[in-house]
Each structure stands twice: as structure tokens, then as C-alpha cells.
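Peer 1: Encoded as C-alpha cells, here's the structure I'll be asking about.
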Amino acid sequence: MEHTKQLLRVAEIETVAPYVNRYRFTAAQGTPAPFLPGQFLCLYYEIDGATAVRPYSIASSPKEAAQGGYYDLFIHVGGSFTSRWLGRHITVGDTVMASHPLGEFCICPQTPQKIVGISGGMSVTPLRSMVRSIVDESTDREITLFCGWDTSREVLFREEFMQLARECSRVHVQFSLVQDPQPGDKQGYFTSQDILRETDAHAAAYYLCGPQEMYHSLHDGLIAGGVTSERYHQEIPGELHSPDYATAPAEQYPLTIQTDSGSITVTANANESVLVALERAGLSPRAYCRSGSCGFCRSLLLEGQVWTDPGRAKPPENSVFHPCCSFPRSALTVALPK
């Protein structure tokens, strides 16, 4: 059966760290769609008549979905508007529409035997799925984790990862903290030299999930150390919430959307992506990753100027642009994909 969307029910909610909740979702109908360790789901929010979509990595293993019938998602409910809304309004027993599992940041049949997982902060969640899939023998791979955090109060999965490493000889884990490291932790951030010294750059697959600053600091050193492009994987970056230039507090532009039945004009704020403006206007453009990676939201820019984050997508080319990581710089006219 091909799963494109699925209706999930909230079975459990547990606060695991400041502003971080674990949400256990079960299938409201049938069984959860199968997935590969490291993939993500999109949750569809209905807020004040508008539909928004946000991606979240699955932190549980495929076996837990197949046999236990659930997905675990760890969500920072103090983050973006939609996540805060989830934390305030979603309770046990509620149902939420979700996508089928998506993404190429995952363990697949072609993945080498040895895996290196490198995380910064909350982005560790897809690596938890990989670790649990190794421990419950969904896969026979071996993983070495390098988990970095700023402060000890933010750390997730320390005790769990250390316990799993004691139970399974194919799991190895190291932690680094900028503040208050425990004995055995590295103080500060892991460097490419730290990671290469403990891993096999010519055989392992490297999975990086964290902020852009972490990617920038490690990329050149790992590649120079022998990690090839086909074995180098970065998780899609998170949603871009504002451009990297200053906007006036009340700076707005008219946004005209052409449809089969005519056109609609709404208001777009200069400090919000075109995708958010479309959602805020009550439209539901197709979107998944919200970071310029998947390409599902690509639309036509018929008139006007946008700024597109160069680290995520190309500037408009032949009128095609990514609303998820583009911000209005003038009045716009766009046509959404069918």
C-alpha cells in the first residue's frame, strides 16, 4: 500500500527537557506507514482556518512502527509558531494528519556497514532512530555517535545512548559540551580531527545533523580527510524564519496568486517567507521539507523580486523559485504548482 497521507492519533505526551516534548503517535486507521531509519514526517496543522505543514524527524525505529504501531517525535514546543501551537493545543487522543515518511537522510540497503553520526543539539533525533534500529536488529550496521550540545540542561538521550552502547557492541557514543561537560566529555565542539581520529574515513558513511555553523566547520576537514561525497550526508536544514538582512517592522508587499479561476491578492510581510505568507492567507501550497531541499513547493514567479537564501536554493531561474526559502522584496505575482 502506498501511503501519501495518514491520520495519526496522539497516544502519549511526555516532557523530556525544557520546552521539549516526546509525542507518541499511533495510526488512527490501519498501521503506521513503514520508513527507513532517519526519515521524517510532515504534520499538517489547521490553525485559524489555514493549513501549515512542518517536518519532524522520526526518532523511533522502523521495528517499533511495525510491531509497536507507533512513531516517536521529539518536538521543541518553544520554537516556531506552529510548534508552540502544538505544545499548547494538542492533547492525548487528538488526531493529526501527517505525510508518509520522507527524506534521503537515512540508512538504506546501499549504506556501508560502518556509520558515523554527528549531531548538534535537537537535530540528534534521526540518529536516535538509527541507533534504535541497530539495537533492535532492524539493520546490522555499526554506528559511532558524536553528540554536541551547548549546555547540560539541553542534552537529550545521554543515558539512553550510553545504556544502548553498553548493551550493543555495534553502538559507540561520545559527547561534547560547551558548558558543564561531564567526565569523559569533550569541552567545546567536536572538530573534524576529533571525528577522523576515531573513525574510518575511507569506509564509513557520515551523517551530519545540526545547525549550518556545524556543517560549515566540519565539511572541509572531513572531505580532506577522505570522506567522499557519496558517503557524506547532511540532514536538511531547518525552516528559515527570517532573511539575513534587516526589514522594517511594518514592511509589507502585495502578493497576487494566479489560479485556474482567477487571481487572489493577499499581503506578504517582508520578514516571512513567501510560503508562510501563502499559508497565512489560507492557501495550502504543497510543501514538505521547508528548506529548499525537496523541491515540492517550487512555483512560478511571474512578476516581482524575491531574495532566496543562497545556501538553500538557487535564485529564480526561468521564473521557477522556492517559496519556502524566498522572501518578498517587491509586489509579487506567483503561480502555484497544480
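Quick note: the coordinates plus some simple rules give every number you see, no bench work behind them. What you see is a predicted model, and the numbers here were worked out from it, not measured in a lab. Every residue, glycine as well, gets a Cβ built from its backbone with ideal geometry; the counts of neighbours run over all protein chains shown.
Peer 1: What angle do you read, to the nearest 10 degrees and between 0 and 90, between the alpha-carbon axis of helix 125-135 and the longest principal axis of the chain?
Peer 2: 40 degrees
Peer 1: Which part of region 30-46 falls in the paramagnetic zone of HIS100, meaning amide N under 18 Å from the point 7 Å along Cα-to-beta-carbon?
Peer 2: 30-44
Peer 1: Once every Cα of the chain carries one equal point scatterer and solvent is ignored, give the base-10 log of I(q)/I(0) from the Debye formula at q = 0.07, 0.15, 0.16 Å⁻¹, two decimals.
Peer 2: The computed values of log10 I(q)/I(0) come out as -0.31, -1.31, -1.42.
Peer 1: For region 215-303, treating each Cα as an identical point scatterer without solvent, what Debye log10 I(q)/I(0) comes out at q = 0.17, 0.19, 0.20 1/Å?
Peer 2: With one equal scatterer per Cα and no solvent, log10 I(q)/I(0) is -0.85, -0.97, -1.03.
Peer 1: Holding the Cα-Cα limit at 22 Å, pick out from LYS114/LYS314; LYS5/LYS63; LYS63/LYS186 the pairs that are longer than that.
Peer 2: Pairs exceeding the cut-off: LYS114/LYS314; LYS63/LYS186.
Peer 1: Enumerate by residue number the GluC sites (Glu not before Pro) in region 1-82 meeting two conditions: DSSP loop (anything except H, G, I, E, B), and at most 16 other Cβ atoms within 10 Å of the site's Cβ.
Peer 2: GLU2
Peer 1: For the chain, what is the calculated [θ] at 222 nm in deg cm²/dmol (nearest 500), taking -39500 (n - 2.57) for each run of four or more DSSP H residues and dividing by its residue count?
Peer 2: Helices in the chain give a 222 nm mean residue ellipticity of -5000 deg cm²/dmol.
Peer 1: I would also like to ask the following. Give me Rg over Rh for region 77-211, both radii from the alpha carbons and Rh done the Kirkwood way, two decimal places.
Peer 2: Computed over Cα atoms, the ratio is 1.00.
Peer 1: Just name one of ILE236, TYR206, ALA287: the one whose Cα is farthest towards the positive end of the charge dipole of the chain (beta-carbon charges, Lys/Arg +1, Asp/Glu -1).
Peer 2: Ranked along the dipole, the leading option is ALA287.
Peer 1: Moving on. What list of whole percents do you get for P(r) of region 30-73, with Cα-Cα distances grouped in 10 Å bins up to the one holding the largest distance?
Peer 2: Over region 30-73, the share of Cα pairs per 10 Å bin runs 28, 44, 23, 6 percent.
Peer 1: Under 14 Å from the 7 Å Cα→Cβ point of VAL320, by amide nitrogen: which residues of region 278-296?
Peer 2: Within reach of a label on VAL320, which here means backbone N under 14 Å from a point 7 Å along Cα→Cβ, region 278-296 contributes 293-296.
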